[in-house]
Amino acid sequence: MEKLVPAQTGLKGTIKVPGDKSISHRSVMFAAVARGKTIVKNFLPGADCLSTIHCFQQMGVPIERDGTRVVIDGKGWDGLSEPETVLDTGNSGTTTRLMLGLLAGRPFHSVIAGDESIAKRPMQRVTKPLCEMGAHIDGRRGGNFTPLSIRGGALQGIEYRLPVASAQVKSALLLAGLQADGTTIVHEPQPTRDHTERMIRAFGGEVRTEGRTISVRGGTVFHGTEIVVPGDISSAAFFMAAASLVPGSEIVLPDVGLNPTRAGILDVLKQMGADMEVAETHAPSDGEQTGTLVIRPAALQGVEIGGGLIPRLIDEIPIIALLATQAEGRTVIKDAAELKVKETNRIDTVVRELKKLGAQIEATADGMIIEGPCRLSGGTVESHGDHRIGMMLAVASLVAKDAVCLKGTEAIAVSYPQFFDDLKSVL
């Protein structure tokens with residue numbers, strides 16, 4: 001438990017947020033099946049990404065890590081060997097779902113399992129199309145929940161229309177399609193983060209994108225390269241919110257990833273009236289756009305968020321909900337039922353914990369409605385093992401009337417191990 005007190009002065013300083021979690025995962029996965037050495041810089045050494053490294057080490061891939069620098073000595077797709085023990089994906093949904101796609105094409109048997117949270121998260125959205133491609137996957141309740149047993153190999157490309165907008169499902173199918181006979185075509189209902197497509201190109205592969213349709217051909221050979229992981233905009237969002245809410249603040253966030261498929265939080269902040277500028281942008285032709293964000297306090301307004309914007313900010317909704325409690329008027333978040341299958345049911349968890357602090361917030365079937373502004377009280381809250389809920393509540397303590405006692409702070413290490421150190425540095 002951490003006892004957090006309201007901010008007495010403005011938050012000032014520069015924070016270099018850790019590397020992007022989604023890109024860190026994918027950099028290791030593609031490097032592991034590439035031929036030759038890959039160097040990954042600014043890797044996120046959080047618990048989730050370390051689970052990905054460990055899984056590939058169990059399959060015989062030499063990986064060395066020195067802080068945020070990771071060196072992977074890939075031997076190609078055939079360089080992976082059958083793991084002797086269960087692949088433990090920890091708390092990582094990204095590791096679990098993307099590994100299913102990768103392992104579906106490997107001619108050996110493997111078993112994937114994670115922690116209690118992963119055991120509750122639906123996997124049939126991934127296993128069903130993979131079985132249509134020819135993989136043999138079994139698990140609890142017809143292969144919907146871990147542990148999952150995979151016997152891969154001999155896949156056939158398919159054309160598949162995603163029932164939900166999910167970058168994890170899309171990525172799993174692309175990873176399987178890269179090993180399948182023929183072409184695999186994925187149709188998305190809404191555009192989702194395209195880190196996998198960019199990573200395919202970075203390692204020398206080919207992927208076609210036409211609107212919301214993505215296709216790959218089997219037999220792709222990847223080659224080792226150098227990857228520089230940008231700062232995680234999902235981690236930056238907590239300090240963007242803190243600087244927006246605490247009077248007298250100015251926080252500078254350099255080298256943050258500004259991938260358009262991930263930067264929905266910037267659109268929402270603009271709509272709410274935030275005082276924010278994006279400077280020193282860098283947009284490599286074959287990589288991820290980055291930039292420096294400068295955020296100061298502002299009087300915020302309630303907004304309505306839904307539709308195609310949701311996949312671009314799904315991980316930022318907890319902190320957006322907190323911003324809404326301090327904004328003038330009503331904020332409506334809809335079309336976000338995907339929040340129910342995150343580390344927690346984030347709709348219920350956000351509403352329950354913010355209500356403990358006096359927020360006027362109600363859950364709906366696919367989102368929440370928040371009335372603001374509302375001065376938050378102190379009290380005891382908990383992360384429920386969800387890193388983003390934990391960080392949102394820590395930011396809430398900055399604008400509360402009294403101290404906030406936060407249970408389950410260890411969950412924050414999943415994506416931001418030095419979060420409290422960085423917070424103290426600007427207080």
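The values are calculated or read from the model by the stated rules, or taken from the named source; none is laboratory data. Quantities reported herein were computed from a predicted structural model and do not represent experimental measurements. Cβ: placed from backbone, ideal geometry, glycine included. Neighbour counts: every protein chain shown. These accessible areas exclude ligands, DNA and RNA; they are computed on the full protein's heavy atoms, side chains included. Shrake-Rupley method; radii C 1.70, N 1.55, O 1.52, S 1.80 Å.
Remarks
- The Cα center of the stretch 355-380 and the Cα center of the stretch 298-314 differ in position by 16 Å.
- Think of the stretch 199-283 as having a plus end and a minus end, set by charges on the Cβ of Lys, Arg, Asp and Glu; of GLY257, SER235, GLY219, GLY219 sits farthest toward the positive end of this dipole.
- Probe 1.4 Å, protein heavy atoms only - accessible area per residue of the stretch 169-247 in square angstrom: 32
- Straight-line reach from LYS340: taking Cα to Cα under 23 Å and skipping same-chain neighbours fewer than 8 places apart, the lysines in range are LYS21, LYS120, LYS128, LYS170, LYS355, LYS356, LYS407.
- Accessible surface of the chain [probe 1.4 Å, protein heavy atoms]: carbon and sulfur percent: 47
- Using C-alpha pairs below 8 Å separated by at least 6 residues, the relative contact order for the chain is 18 percent.
- Dipole-positive endmost among LEU376, GLY142, VAL278 within the chain (Cβ charges, Cα centre): GLY142
- Kirkwood-type radius of the stretch 45-186, with distances r between different C-alpha atoms, in Å: 15.1
- Rounded to the nearest 20 debye, the dipole size of the chain about its Cα centre is 420 debye, using +1 on the Cβ of Lys and Arg and -1 on the Cβ of Asp and Glu.
- Placing a label point 7 Å from the Cα of ALA337 along the Cα-to-Cβ direction, the residues of the stretch 295-331 whose backbone N falls under 16 Å from that point are 306-308, 310-311.
- Among GLU288, GLU343, GLU64, the largest mean-square fluctuation in a Gaussian network model of the chain, built with springs joining Cα atoms closer than 10 Å, belongs to GLU64.
- Per-residue ellipticity at 222 nm from helix content only, as computed over the chain with -39500 (n - 2.57) for each DSSP H run of at least four residues, stands at -9000 deg cm²/dmol.
- Taking 19 Å as the cut-off, the amide N atoms of the stretch 104-132 that come nearer than this to a point 7 Å along the Cα-to-beta-carbon line of GLU84 belong to 108-113.
- Residue-normalised accessible area of the stretch 14-122, expressed per residue, 1.4 Å probe, Å²: 34
- Our summary gives the stretch 259-391 a relative contact order of 21 percent, counting only alpha carbon pairs under 8 angstrom and 6 or more residues apart.
- For the chain, no complete DSSP H run has alpha carbons reaching 20 Å or more along its own long axis together with a mean Kyte-Doolittle score of -0.5 or higher.
- The residues of the stretch 316-356 expose, per residue, 31 Å² of accessible area to a 1.4 Å probe.
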